[in-house]
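In what follows, a structure is listed as structure tokens, so that the remarks can point back to it.
The values are calculated or read from the model by the stated rules, or taken from the named source; none is laboratory data. No experiment lies behind these values; they were computed from the predicted model shown. Cβ sites come from the backbone with ideal geometry, for glycine too, and all protein chains shown count toward neighbours.
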């Protein structure tokens with residue numbers, strides 16, 4: 001293997017990662033557990049919604065022309081000829097000239113009526129309703145297809161389902177949806193210095209933090225994650241685990257291994273069983289990233305430094321997952337903030353600077369990529385594009401929230 | 001019950017809701033499923049992390065003074081006296097004057113060495129290493145407590161655990177955490193016009209969208225949700241279900257019922273079994289909201305219009321849940337955008353205008369609160385404070401993302 005990396009631009013690395021992403025696999029599931037899943041079908045309204053003309057206030061259904069010119073001192077006198085009962089339709093209930101009908105919010109607008117006067121603008125007397133404000137045609141009425149029209153595609157394939165969408169799906173009587181199957185992501189930890197989180201590290205050893213972090217992120221993002229534990233640098237054992245993970249998963253992440261030897265072994269194992277497509281990305285932190293493919297499945301070698309691994313997870317692995325999920329519009333997770341300190345950057349590579357946000361001020365957390373604390377203490381990151389030599393204090397920046 | 005509402009300011013309503021919130025209940029759980037849960041204990045580092053001085057690059061461990069003055073044409077010549085093996089500590093490995101030791105990224109800095117020269121800045125000859133750049137004391141070295149010091153509180157009670165935090169918890173060997181128990185939220189739907197999502201609405205009927213929307217939001221926010229189905233406006237049945245929900249849950253949401261009669265019945269049932277504290281909030285949409293308490297448990301009557309119910313869920317119910325979870329710092333979910341159209345607002349009430357965001361432009365989605373579509377098509381909302389009569393097109397606004 002080559003001793004040094006062949007660094008390519010981040011956008012080219014992302015293009016490679018998304019190009020080799022397996023296509024989304026649709027599966028049907030009950031709508032009740034589908035929040036956060038990505039739709040694999042278009043969902044039309046099955047009927048006009050609300051389905052009938054309904055009042056949006058409590059008041060009296062009227063013919064709007066009967067209220068023309070009415071006011072506090074010149075009320076229109078209307079005869080109340082009945083009331084709308086919620087959830088039912090009385091075919092005999094009609095509003096004729098000079099009459100009105102009591103209607104609660106959500107009630108069906110009776111025949112003959114074309115508007116509703118709010119209760120607050122009326123006064124009841126013995127057998128007459130005094131209307132003190134004119135209403136115009138259609139006022140306070142929701143038309144039968146104001147919310148959604150029958151056949152209208154409201155939720156399109158590729159959308160990540162929100163809680164609000166669950167309201168719409170209930171409204172159209174949808175009980176089952178076709179969504180993209182959760183990608184199964186295998187995580188292999190490598191590095192002779194690693195011990196499991198449950199062990200007490202001996203001299204020169206550290207607990208494996210990255211696997212837990214990656215697994216938690218992926219589960220939250222909508223993946224199934226399979227942990228293959230820690231593999232030491234015996235090539236044969238590494239190959240066996242990698243083959244098994246490739247067989248059992250849709251994508252395999254190999255969590256380095258930050259040393260050259262580890263990286264070389266990872267690249268060697270991928271090259272031996274498949275092909276290495278990218279070895280080195282112009283991103284900081286995150287340079288020593290490997291993108292490869294074995295038996296048609298993406299195998300990504302992540303850097304060993306936690307901050308680097310996390311940045312590559314977001315910058316490279318997430319677009320790959322989005323492609324596997326068929327996600328059309330990634331969920332917005334960004335905020336604007338003023339930079340509290342200047343951030344230097346090196347031209348030619350993308351810098352992902354971790355920042356903490358307090359009252360609209362983004363403070364960069366400088367620190368080596370080997371530190372977990374810049375991740376734990378930050379709210380997100382500021383992306384500094386490759387053509388830029390850094391950002392000045394006071395600049396208004398977009399912070400991508402973790 | 002009073003025919004019209006006694007409207008109070010949103011901040012006072014939120015103060016009432018949080019005042020009656022039950023205290024957080026701690027529970028222990030395995031760390032592996034704790035992402036998104038709110039910590040109920042402080043988590044200190046159990047040891048210095050990384051725990052030993054380690055290299056952050058592949059290279060040679062040196063005494064920095066031995067590299068002073070070195071350059072491409074004036075390299076320092078050092079004798080390589082061995083190599084650091086990952087994950088172990090060789091007590092005999094020492095760097096003395098004029099020598100160096102090969103060290104991979106993450107390796108233990110050997111005795112005598114105080115810096116590491118990157119491999120890229122060296123050249124190996126037969127038995128000598130040529131160093132072509134000077135390094136300063138501590139360069140490329142992570143000190144034993146650079147990430148976290150033993151005893152330092154890294155994650156404080158009240159924090160919502162992120163995937164990054166899972167990395168830290170693994171690093172400190174934490175396998176179990178104490179978090180706030182998930183609040184159990186009961187949802188009762190009222191309204192004679194409602195039918196379940198599985199039914200075909202008859203004349204004058206609509207499917208219950210709100211219960212599904214509320215349940216999905218609450219589950220995503222970290223609650224258990226119990227659905228009590230649709231109760232029609234028979235007072236006795238309503239009281240029975242409410243009593244059962246109060247007994248079985250920590251908080252009860254009564255999803256209106258947008259008509260005055262429904263609201264009055266909800267208020268009547270709460271008043272009959274407990275007390276009504278708030279009946280009407282100066283917020284749009286969302287005015288006809290009820291905050292009450294039965295047997296010490298919060299019972300919230302939400303407006304029936306979907307957009308109103310959702311806004312009140314976010315503006316009033318979420319702060320109550322945050323208090324029950326002991327959440328100290330709500331998760332940031334906002335972005336800046338330029339308003340694409342002016343939004344009018346009425347002085348004296350808070351307006352929650354739904355907006356869609358495209359390329360940094362926030363377009364208001366005007367529409368009656370009875371429409372689901374403004375929710376499904378929006379990315380979040382712009383809050384217009386009560387003292388403000390609206391926002392002009394072109395204003396830079398903060399959009400709170402759903």
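Name every residue in region A:162-194 that is within 8 Å of another protein chain (Cβ to nearest Cβ) and either surrounded by fewer than 20 Cβ atoms within 10 Å (Cβ to Cβ) or in a loop (DSSP other than H, G, I, E, B) (or both), in order of residue number.
A:162, A:172, A:173, A:174, A:175, A:191, A:192, A:193
In region A:270-292, how many residues are surrounded by 24 or more Cβ atoms within 10 Å (Cβ to Cβ), in contact (Cβ under 8 Å) with a residue 40 or more places away in the chain and in a strand (DSSP E or B)?
Residues in region A:270-292 being surrounded by 24 or more Cβ atoms within 10 Å (Cβ to Cβ), in contact (Cβ under 8 Å) with a residue 40 or more places away in the chain and in a strand (DSSP E or B): 4 in total.
Go through A:236, A:295, A:275 for me and flag whichever is in contact with a helix residue (DSSP H, G or I) (Cβ under 6 Å, 6 or more places away or on another chain) and over 28 Å from residue B:168 (Cα atoms).
A:295
Criterion first (in contact with a strand residue (DSSP E or B) (Cβ under 6 Å, 6 or more places away or on another chain) and either under 30 Å from residue B:91 (Cα atoms) or away from chain B (no Cβ under 14 Å) (or both)) does residue A:198 satisfy it?
Against the criterion (in contact with a strand residue (DSSP E or B) (Cβ under 6 Å, 6 or more places away or on another chain) and either under 30 Å from residue B:91 (Cα atoms) or away from chain B (no Cβ under 14 Å) (or both)), residue A:198 does not qualify.
Of the conditions (1) away from chain B (no Cβ under 12 Å); (2) at pLDDT 95 or above; (3) buried (at least 16 other Cβ atoms within 10 Å of the Cβ), residue A:231 satisfies every one except a single condition; which number is it?
For residue A:231, the exception is condition (2).
Go through (1) surrounded by fewer than 21 Cβ atoms within 10 Å (Cβ to Cβ); (2) at positive phi for residue A:204 and report which single condition fails.
All conditions pass for residue A:204, except number (1).
Answer with yes or no whether residue A:194 is in contact (Cβ under 8 Å) with a residue 12 or more places away in the chain, closer than 30 Å to residue A:26 by Cβ and assigned by TED's automatic domain parsing to the domain that holds residue A:302.
No; evaluated as a whole, the condition is false for this residue.
Residues that are under 30 Å from residue A:352 (Cβ atoms) and either away from every other protein chain (no Cβ under 14 Å) or exposed (fewer than 15 other Cβ atoms within 10 Å of the Cβ) (or both): does region A:36-58 have at least one?
yes
When region A:122-142 is examined, which residues are found to be within 14 Å of another protein chain (Cβ to nearest Cβ) and closer than 19 Å to residue A:65 by Cα?
A:122, A:123, A:138, A:139, A:140, A:141, A:142
Please work out if residue A:340 is at positive phi and not assigned by TED's automatic domain parsing to the domain that holds residue A:213.
Criteria not met by residue A:340.
Among the candidates A:89, A:130, single out the residue that is without any contact (Cβ under 8 Å) to a residue 60 or more places away in the chain, outside any loop (DSSP other than H, G, I, E, B) and out of contact with any helix residue (DSSP H, G or I) (no Cβ under 6 Å at 6 or more places or on another chain).
A:130
Going by the conditions given, is residue B:153 in contact with a strand residue (DSSP E or B) (Cβ under 9 Å, 6 or more places away or on another chain), buried (at least 24 other Cβ atoms within 10 Å of the Cβ) and within 14 Å of chain A (Cβ to nearest Cβ)?
Answer is no for this residue.
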